[in-house]
Amino acid sequence: MRIRKIVSTLLSSVLLLLFMLMAVSVIFSRASGGQPSFFGLQIKTVLSGSMEPGIRTGSIIAVKPGGDMTRFQEGDIITFRSHDKLVTHRIIEVVKNGQSQQVMYRTKGDHNDAPDLEAVPSGSVIGEYNGFTLPYVGYAMSFASSKAGSVVLLVIPGILLIIYSFVSCWRALSTIEKREPSGQSPADSV
């Protein structure tokens, strides 16, 4: 009986924690315009294998946004906007235009054979990759941000938590009813 109570309490705690984590994650994601961020780092999902083996497809990476976007050097990995898509590649050359003082970056994916066709203006840089990556978590984050993922990760744990609460209350009430002698209410026994 004691083991069942421990398992029951543990299950309730896990369901509640899962529900709260998913709710907080969705709220933070929506508040930041769909881009989850933690401790000042933006979390991005890697959708291609251009940076493998260092950054695998389906990974999530942390990108430090802001600051002087002309500060980067050869070898740094940056995330930039290119034709309405975000790309994370390594800088292979820094090009400075003497007259306009504009900085451009030539980039290349580590797994690609050739450099990117267009140089990246410093104004298109979103931030710098800080070396943090979690493999395969990006697949789960992409699923979680979809409508089906929201249902699975928010609604279903919430429903399970409510059902579990009703079952727990029903069991507790039936246990109390079994312990009381017939014909007496709890108020009569005091």
Checklist entry - Counting other Cβ atoms within 10 Å of each Cβ, which GluC sites (Glu not before Pro) in region 86-188 have at most 13 and sit in a DSSP loop? => result GLU118
Checklist outcome for this item: In this structure, the FRET efficiency calculated for SER48 and MET20 from their beta-carbon separation, with R0 = 41 Å, to the nearest 0.05, is 0.80
Checklist entry - Fewest first, what order do PHE72, PHE143 take by the number of other Cβ atoms within 10 Å? => result PHE143, PHE72
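Rounded, prolate or oblate: pick one for region 35-136, where a ≥ b ≥ c are the square roots of the eigenvalues of its C-alpha gyration tensor, a/c under 1.5 means rounded, and failing that, prolate if a/b is larger than b/c, else oblate.
Oblate, since a/c reaches 1.5 and b/c is not below a/b.
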Item to check | Sorted by Cβ neighbour density within 10 Å, fewest at the top, the residues SER8, SER13, SER50 | outcome: SER13, SER8, SER50
Checklist entry - Amide H neighbours of ASP116 under 5 Å, counting only residues 5+ apart in sequence or on other chains, H built in-plane at 1.01 Å? => result THR107, LYS108, GLY109
Checklist entry - Of LEU21, LEU153, how do they rank once you tally other Cβ atoms within 10 Å and put the fewest first? => result LEU21, LEU153
Next on the checklist: Can you tell me which lysines have their Cα less than 22 Å from the Cα of LYS85? Leave out same-chain residues fewer than eight positions away.
Outcome noted: LYS44, LYS64, LYS108, LYS147
Checklist entry - By a straight-distance test (C-alpha under 20 Å), which lysines pair with LYS5 as possible cross-link partners, with residues fewer than eight away in the same chain excluded? => result LYS178
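The numbers here are math on the coordinates, done by the rules we state, and not lab data. Since the structure is predicted, the reported quantities are computational estimates derived from the model, not experimental observations. Ideal geometry is used to build each Cβ from the backbone, glycine not excepted, and the neighbour counts take in all protein chains shown.
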